[in-house]
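The values are calculated or read from the model by the stated rules, or taken from the named source; none is laboratory data. From a predicted model like this one, the values you see are computed outputs, not experimental measurements. Ideal geometry is used to build each Cβ from the backbone, glycine not excepted, and the neighbour counts take in all protein chains shown. All accessible areas refer to the heavy atoms of the entire protein, side chains included, with ligands and DNA or RNA removed. Shrake-Rupley method; radii C 1.70, N 1.55, O 1.52, S 1.80 Å.
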Amino acid sequence: MYLLLIFFLTLAIPFIVMPGMIQTATDSPYKVVLRSTLVISAAAAVVFIAASLTGAGIYSQLQELAKLMSTEAAKNPMVIEALNMAGINEAERADVLVQIYNSAFQVLPVSIMFMGLVVSYIAYLILSRLLKRHKDVRMMPKFREFSFSRGTGTAIMLMYLFTWILTETGIVGDMMLYANINLLFDLVFSLQGVAVVLMFVHLKRLPHALGIVFVIVLWGTSIGKLFLILLGLFDLMMGLKSRIQGRNIR
């Protein structure tokens, strides 16, 4: 029930908070999307707190759900074959599946934030097109022009380093904090890397569809994802995209 409420809020909040900000046209589209994402994250945090105060918290409920799903999945021949678990008994298979589910549940906070970011981005595209019929509004730039600020990149890197140190030294024993910061780090720099790839495709006058396919392929592989992260890291720290644009002009 609580996750369903968070899902509903994620879909509804952008269409509630963004129209006024879009109409004022004082902030960039990306700032508006970011503010909407922060409101969604804050609302989700309130739901998490309310759930823990009124009974079993969301994570406790998810852990119980993971046990039930794992027990059923451990009997499924398709799951056994897909995960190559024929060599272990049903109880051991269930334990492995519980660990997989719990690992996925650990990054729920950042996953909700990312979903809020995507929904807010799409909502801005829809709302700006509807509102421009009645008033001049700032349209969303092409994603190739997107960039986090250098300060944001530095802050994410420091958060990652600080969390890694706390986890490795045992000061923070729970891996949940590290898992979420690690995912946030990956998402921020890989999105920055995607923008660099799309800019390169645009400057080389290659088909835009080719750029999208290339990004999907990169995002879908571990090596490709690492390439996007490194690309985004170099872009934020060294202005890689600006260098590419400068060379193309010359």
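Simple spin-label estimate for Met159 and Thr221 gives 3.0 nm between the two label positions (7 Å along the Cα-to-Cβ direction from each Cα). Evaluated with a Cβ-only charge set (Lys, Arg +1; Asp, Glu -1), the stretch 33-176 carries a dipole of roughly 1240 debye about its Cα centre, given to the nearest 20. Compared with the dominant Cα axis of the chain, that is its longest principal axis, helix 29-54 is turned about 20°.
In the calculated pair distance distribution of the chain, what percentage of Cα-Cα distances lie above 25 Å?
Working: 17915 of 31125 pairs.
Tail of P(r) above 25 Å: 58 percent of Cα pairs.
Legend: distances between Cα atoms for Lys142/Lys225; Lys31/Lys225; Lys132/Lys225; Lys132/Lys241; Lys135/Lys204; pairs beyond 32 Å are Lys132/Lys225; Lys135/Lys204.
Based on Cα contacts under 8 Å between residues 6+ apart, the chain shows a relative contact order of 19 percent.
With protein chains left intact and a 1.4 Å probe, residues in the chain average 60 Å² of accessible area per residue.
Considering all alpha-carbon pairs of the stretch 133-250, what whole percent are spaced by more than 19 angstrom? So the pairs more than 19 Å apart make up 55 percent of the total in the stretch 133-250. With no solvent and one point on each alpha carbon, what is the Debye value of log10 I(q)/I(0) for the stretch 11-81 at q = 0.11, 0.19 Å⁻¹? With no solvent term, the Cα-only Debye profile gives -0.53, -0.80.
Between Ile100 and Val79, the simple label model (points 7 Å from Cα in the Cβ direction) yields a spacing of 0.8 nm. Please compute the Kirkwood hydrodynamic radius over the stretch 33-115, one decimal place, Å, based on all pairs of different Cα atoms. Hydrodynamic radius (Kirkwood, Cα pairs) of the stretch 33-115 is 14.6 Å. Over the chain, dividing the summed -39,500 (n - 2.57) contributions of all DSSP H runs of at least 4 residues by the number of residues returns a 222 nm mean residue ellipticity of -27000 deg cm²/dmol.
Taking the protein heavy atoms of the chain in the context of the full set of protein chains, the accessible area attributed to carbon and sulfur is 68 percent at 1.4 Å. Between helix 2-24 and the chain there is an angle of about 10 degrees, using the helix long axis and the longest principal axis of the Cα atoms.
Pairwise alpha-carbon distances in the stretch 136-188 exceed 13 Å for 65% of all pairs. Taking a straight line from the alpha carbon of Lys75, these aspartates and glutamates sit under 20 Å away, with near neighbours fewer than eight places off in the same chain left out: Glu64, Glu90, Glu92, Asp95.
Sorting check: for 95-102, 24-31, 8-15, 202-209, which peptide has the highest mean count of neighbouring beta carbons within 10 Å, and how do the rest follow?
Details: 95-102: 16.4, 24-31: 13.9, 8-15: 17.9, 202-209: 11.5.
My ranking of the peptides, most packed first, is 8-15, 95-102, 24-31, 202-209.
The mean sequence distance of close C-alpha pairs (under 8 Å, at least 6 residues apart), as a share of the length of the stretch 77-188, puts its relative contact order at 30 percent.
Axis angle, to the nearest 10 degrees, between helix 108-131 and the longest C-alpha principal axis of the chain: 40 degrees.
Could you list the square roots of 5 times each eigenvalue of the Cα gyration tensor of the stretch 53-188, that is, the equivalent ellipsoid semi-axes, sorted largest first and rounded to whole Å? Don't skip to the end; give the middle numbers.
Details: eigenvalues 287, 106, 48 Å².
The answer is 38, 23, 15 Å, longest axis first.
Take the Cα of Leu5, go 7 Å toward its beta carbon, and the backbone nitrogen atoms of the stretch 103-130 under 18 Å from that spot belong to 109, 112-113.
Projecting the Cα atoms of Trp219, Ser52, Thr167 onto the charge dipole of the chain, computed from C-beta unit charges around the Cα centre, puts Trp219 farthest toward the positive end.
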